[in-house]
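Worksheet for the structure shown next.
Laboratory data are not the source of any read-out in this text; all were calculated from the coordinates shown. Since we're looking at a predicted model, the values are computed, not measured. Quick reminder, even Gly has a Cβ in these numbers, built from the backbone with ideal geometry, and neighbours come from all protein chains shown.
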Amino acid sequence: MSAKLGLDGKTVFITGASRGIGREIALRCARGGANIVVTAKTAEPHASLPGTIHSVAAEVEAAGARALALQLDVRDEEAIAAAASAAARAFGGIDILVNNASAIMLAGTAATPMKRFDLMHGVNARGTFACSQACLPYLEKSAGAGRNPHILTLSPPLNLKPKWFKDHVAYTLSKYGMSMCTLGMAEEFRELGIAVNSLWPRTTIATAAIAVNFPQSILDASRKPEIMADAAYAIFKRDSRGATGNFYIDENVLREEGVSDFGRYAVTPGAALYTDLFLE
């Protein structure tokens with residue numbers, strides 16, 4: 001059976017979807033006709049971090065798609081399994097998993113409390129592995145039905161230059177753990193027809209993580225989250241049996257799709273852009 005490359009009627013399970021890039025991917029896929037499973041740890045409004053799973057679910061429905069809002073801590077494997085099961089019951093399966101949830105602390109070794117080390121590894125590497133594992137049975141069924149299943153993890157290309165470790169060893173280890181999930185699972189699931197890829201931005205993206213961890217000048221030199229959502233949507237429409245094992249960069253993906261004007265994504269039109277971590 002040939003793969004169905006559109007998103008009409010497909011189900012997209014997104015972690016960390018209450019704001020930022022996760023929210024934008026949810027809305028872009030909703031406009032493409034997908035059912036959206038909006039998961040995040042945030043279920044109640046927070047003054048400094050606007051957006052919840054419920055507000056995003058309402059936006060998805062306003063875009064004409066079906067939504068399921070599920071509070072989820074990706075460090076809890078039992079909760080992940082229950083969320084995946086609930087998503088499959090609600091929509092008949094899962095076709096796409098987006099491992100977007102991530103924790104960040106840009107600090108050196110002496111300044112990184114083990115509690116923060118554990119948080120970053122629990123959310124980033126372990127959470128990616130656990131969510132992929134829990135969704136695997138549903139993605140296998142999707143592959144068997146020719147529905148073009150994908151796992152997309154928001155993590156960087158692997159680069160072992162010491163400069164990407166020296167200032168924040170713990171964070172780099174946790175993000176590269178996500179990337180190594182992509183590296184291994186892409187090959188492991190290749191014969192199943194499940195695509196496994198990573199996506200990373202060419203520039204910093206205007207999210208809460210950038211606002212908190214970088215100066216205002218870098219936030220101003222960033223792009224909007226929509227660029228990542230548009231790139232993710234383009235990846236989901238690629239053939240899962242051929243487009244797997246890639247460490248995609250958002251701008252490159254969109255150039256391959258024929259996009260040449262990236263001005264609309266800039267936070268500050270015309271400003272010089274700030275290259276994201278892990279990229280030369």
Measuring from centroid to centroid over Cα atoms, what is the spacing of segment 128-185 and segment 241-261 in Å?
17
Rounded to the nearest 20 debye, dipole of segment 89-180 from Cβ charges on Lys, Arg, Asp, Glu:
160
Counting only DSSP beta bridges with both residues in the chain, tell me the antiparallel percent, nearest 5.
10
Total charge dipole magnitude, segment 11-265, about the Cα centre, Cβ charges on Lys, Arg, Asp, Glu only, Debye to nearest 20:
260
Rounded to 0.05, the calculated FRET efficiency for the beta carbons of Arg190 and Lys166 at R₀ = 45 Å is 0.85
Separation of alpha-carbon centers, segment 9-55 and segment 57-124, rounded to whole Å
10
Using 0.36 nm times the number of residues separating Glu256 and Glu77, minus their current alpha carbon distance, what extension gain do you get?
60.8 nm
How large is the Kirkwood hydrodynamic radius of segment 11-265, in angstrom, based on all distinct alpha carbon pairs?
18.2
Those lysines that a straight Cα-Cα span of less than 24 Å connects to Lys161, excepting residues fewer than 8 apart in one chain
Lys175
List, largest first, the extents of the alpha carbons of segment 37-176 along their principal axes, each in whole Å.
47, 40, 27
